1. Please determine, by comparing only the residues of the range B:262-285 that are in contact with a Leu (Cβ under 7 Å, 6 or more places away or on another chain) and outside any helix (DSSP H, G or I), which one is farthest from B:V429 (Cα to Cα).
2. If A:T153 meets every condition in (1) at pLDDT 95 or above; (2) out of contact with any strand residue (DSSP E or B) (no Cβ under 7 Å at 6 or more places or on another chain); (3) open to solvent by 40 Å² or more (accessible area, probe 1.4 Å) apart from one, which number is that one?
3. Considering the range A:49-88 alone, what residues qualify as being of a type in the set (S, T, Y) and over 17 Å from the mean Cα position of the chain (by Cα)?
4. Mind checking whether some residue in the range B:215-230 is within 12 Å of another protein chain (Cβ to nearest Cβ) and either part of a helix (DSSP H, G or I) or among the hydrophobic types (A, V, I, L, M, F, W, C) (or both)?
5. List the residue pairs whose Cβ atoms are under 6 Å apart, where the first residue sits in the range A:74-100 and is more than 10 Å from chain B (Cβ to nearest Cβ), the second is more than 13 Å from ligand 1 (Cβ to nearest atom) and of a type in the set (G, A, S), and the two are 6 or more positions apart or on different chains.
6. Just checking, does the range B:419-431 include any residue being part of a helix (DSSP H, G or I), among the hydrophobic types (A, V, I, L, M, F, W, C) and within 14 Å of B:L239 (Cα to Cα)?
7. Given the conditions (1) within 14 Å of chain B (Cβ to nearest Cβ); (2) open to solvent by 10 Å² or more (accessible area, probe 1.4 Å); (3) more than 23 Å from B:L321 (Cβ to Cβ), which single one is not true for A:M64?
Amino acid sequence: MMSVENQLKFTDFKSDQSVKWCPGCGDHAILNSVQKAMANLGYSNEDVAVISGIGCSSRFPYYMETYGFHTIHGRGSAIASGVKVANPKLKVWQITGDGDALAIGGNHFIHTIRRNVDLNVILFNNQIYGLTKGQYSPTSKRGFISKTSPFGTVESPFRPGELCIGARGHFFARCIDKDLKHSVEMMEEAAGHQGTSIIEVLQNCVIYNDKTHNAITDKAHSEDRTIKLEHGKPMIFGKEKNKGLLLDGLNLKVVTIGENGVTEGDILVHDAHCEDTTLHLKLADMEYPDFPVALGVIRAVKAPVYDQCVETQLEEVQEISKIKSFNDLIHSGDTWDVE
Amino acid sequence: MGKRSKVIEKEEVVVRFSGDSGDGMQLTGTLFSYTSAIFGNDISTFPDYPAEIRAPQGTISGVSGFQIHFGHSEVYTPGDYCDVLVAMNPAALKANAKWMKPGGTIILDVDSCDEKNLVKAGYHTDDPIIEDKLGDYHIVKAPITTLTKESLKDMGLDNKSILRSKNMYALGLVYWVFDRPLGHTKEYIQKKFKKNPLIVEANLKVLDDGYNYGNIIQAVTPSYHIHPADIKKGKYRNLSGNTAVAWGFLAAAEKSNLKLFLGSYPITPATEILQELSARKDLGVKVFQAEDEIAGICTAIGASFAGSLAITTTSGPGLALKGEAIGLAVMAELPIVIVNVQRGGPSTGLPTKTEQSDLMQALYGRNGESPVVVIAASSPTNSFDYAFYAAKVAVEHMTPVILLTDGFIANGTQPWLIPDLADWPEINVPKVDEGMKDWNAYQRDPESLSRYWATPGTKGFEHRLGGLEKDAVTGAVSHDAMNHQKMVEIREEKVQRVANHIPELEVIGEDDAELLIVGWGGTFGHLFTAYEELTHEGHHVALAHFNYIKPLPLNTYDVLKRYKKIVVCELNMGQFANYLTMNFPDLEYKKFNKIQGQPFTVVELKEHFKSLLEE
Ligand SMILES: Cc1ncc(C[n+]2csc(CCOP(=O)(O)OP(=O)(O)O)c2C)c(N)n1
Ligand code: SF4
Ligand SMILES: [Mg+2]
């Protein structure tokens, strides 16, 4: 990390390549957020590796003045894992789409999370295959009409948060592409967390799935239809800051403060650090219109980090093993002399 | 020591220990091979275990065997046919009878030949010897089970432990047959069962009693004399092909000063490489057991991008899964070694058997023009050498290299003269250096055409790689038509130029031989033995064996064109012969192919070559 005076500006993270996403695509905003966050974090260009798979979103590394690798469809998290394990000093960020991470790369996605490799994964969820021009994805809602589902899909979508926590994930956050300030915060939180951090960004594809998140991201309604969770703060939301969440038996319930005897003291306080997944899952799964959609860091729990454990184990074994070199190895065990 | 009635002097001999999976035949064979090696014979071994982990007891599918070939001169294969067979049950006899040399010796535990076991083995009468027409062999009917029980009756051991010692009784008897000292095996027993003195005592006793039993039955039992071989002086150890591959990479990592990273997913018969390297944390190896073969190679590619010596290991089905990622490594021009321990295919095929049928997959099994270097090891111990060279080529030329071995050499063992790494060549890592001005990711060394390795963490060399075509000059994404053609040609030429850095093809035998035998990879031992025996018998044959497949050695054409008749022998339908035809279409190649999951036998090779000589 750098001292304040030679700290890089966000523009120092822009590469010389012109950005080729469609005008108005949510990806532009996410690129800005990531560059801002990296500047705020005091990163230096050479210590960052940005790894992606294939998709519109996965073009991302070309636009970053860091080390970068645009790989193959779905395998970004496996390649990023290799980078991080090989050199744990690097800051490894993975860029992926809903198709890249959850369809073709689903297996790598869940296993990376299970291992808890220290990666910051930004999942661009536009609920569509952008690059291949508009087919439904594993996050498209049931009944969604697209080029490959002209009569509507007959399958249920994944909820990335649920999948992440189900794969024993320890960090999950959600934000909206165009909310730069909050997105930057989420990136910084993810960077600070050790282990696999998943940030689901609700991203708009203007061309093939415009306004898919509009019901909740639209300025006019967003405060009433989303809730920005913060660790240690009560789960209050709404334009009037008068709505909240509480537990009704085993379920979450939306209440209005001041109605039916509900006071601010009754509202749940968000504990992102709680090991138990029950409430985090419920929060991650909330969907409009029954609930506000949860934004912010839903879960951030400390757990052993794969790449660090690999290093520790190497050191421990090296400490006790008699074999210190290749030569020691080949002379160990059963050998004999021919004279 | 008593007088021996019938002593057979031999140059070389093949012994096979065979029994039920639970009879401890692998250990027995291993101990016998060590004793022979220490005695000074050259040896070659091959284990042969059932495909099922717990195959039904007493059946042929449950037979587990271990074969040792040792001799007064050098031996190159574990042998085709046995001189001495130890059969611990009727199924072992049934499974191996057809692999006996005429006049050989069969030691059979007659106690195991009860009706139940005979039926399970598929015999219809109560005399398997007559039924299998084995009358011409020396049959030693030894009641091994009874004798073991008798030997241990006063030790207070439970029945199960007693029966488990049967193999040591048999081993003792075989030591008598070959007049070998028991010292090494005794030391092993003492070390292995250190914590259980009773078991040590029991095993030592049955070993001795088995040996002494030889003295008792010497009137009806031949014994064999094989003098020590004249092998190079030095310190030796036994090495299997799979361990050799693992160690070759360890050596390359040390020589290149790079960290070794393996990303892999278990698959027969390659798993031992993964296991061996997993145990080498002491040497700093990072092993990533991935969720599948794709993640195995992808983590390795990531590690290569980050600056490690990165490898992935697999067998045929896994290589199929890795195809797309190998293409990425071709495009990104990152060094990586992909080991394919070939087995019988297609699909799951014959997982525990050997074949050479992935050659075309290794050469061409990817989308697009996707050249990689292909190297094949040809013996258990030279798998070390070729793993080392595969890593050297990958790093020095910034290219994926596919290293082919096969189930036969992977599981076989040979004595290995322990090397001194100082004698091995340096590995020069083409890292960027700070003096490079206006560097870009696809700048190349003018001689090798290899690009330079800039690893994350190096200031001033930040760059982006990827699977999209790149501009030859700037390294940026490019869809330009002429640029693509140029880049495709450069990638191919880069691989071809590796030929300037590999040894020429050597021919064993005369330049004017009537027949040139051509082989590649794991068939060397059999082809060489056939060549040697034919030459000895006065035939004019020569042998050219390939380890470098792509690129081919520069003198390949000059060598091949010297011969009137060329026969390409391989364990597939003729893939290498077709590859040679593609490269040198004006020559004529005869094919000798076998696709049975088994290695060639020297006998069948010689017969075939003789018929070609007569044509
Ligand atoms: C092996 C393979 N299969 C299919 C494709 C085609 N393909 C490229 S991107 C993509 C889907 C992209 O969707 P997503 O991951 O959501 O990214 P987005 O474009 O929406 O950002 C597909 C199917 C490919 N490149 N490689
Ligand atoms: S197709 Fe959609 S996701 Fe892709 S760049 Fe255009 S707007 Fe963005
Ligand atoms: Mg998408």
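1. Taking the candidates together, the pick is B:P266.
2. Of the numbered conditions (1) at pLDDT 95 or above; (2) out of contact with any strand residue (DSSP E or B) (no Cβ under 7 Å at 6 or more places or on another chain); (3) open to solvent by 40 Å² or more (accessible area, probe 1.4 Å), the odd one out for A:T153 is (3).
3. Within the range A:49-88, A:Y62, A:Y63, A:T66, A:Y67, A:T71 meet the criteria.
4. Within the range B:215-230 (the criterion being within 12 Å of another protein chain (Cβ to nearest Cβ) and either part of a helix (DSSP H, G or I) or among the hydrophobic types (A, V, I, L, M, F, W, C) (or both)), the answer is yes, since at least one residue qualifies.
5. A:Q94/A:A80
6. Looking for residues that are part of a helix (DSSP H, G or I), among the hydrophobic types (A, V, I, L, M, F, W, C) and within 14 Å of B:L239 (Cα to Cα), one finds none in the range B:419-431, hence no.
7. All conditions are met except number (2).
A quick yes/no check of all residues on (1) within 14 Å of another protein chain (Cβ to nearest Cβ); (2) within 24 Å of B:G574 (Cβ to Cβ); (3) touching a Cys at 6+ places or on another chain (Cβ under 8 Å):
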residue	(1), (2), (3)
B:D438	yes, no, no
B:Q443	no, no, no
B:L449	no, no, no
B:A499	no, yes, no
B:V518	no, yes, yes
B:L552	no, yes, no
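The values are calculated or read from the model by the stated rules, or taken from the named source; none is laboratory data. Just so we're clear, the structure is a prediction, and the values are computed from it rather than from any experiment. Reconstructed Cβ throughout: ideal geometry from the backbone, glycine too, with neighbour counts over all protein chains shown. In case anyone asks, the SASA skips ligands and DNA or RNA and just uses the protein heavy atoms, side chains included. Shrake-Rupley method; radii C 1.70, N 1.55, O 1.52, S 1.80 Å.
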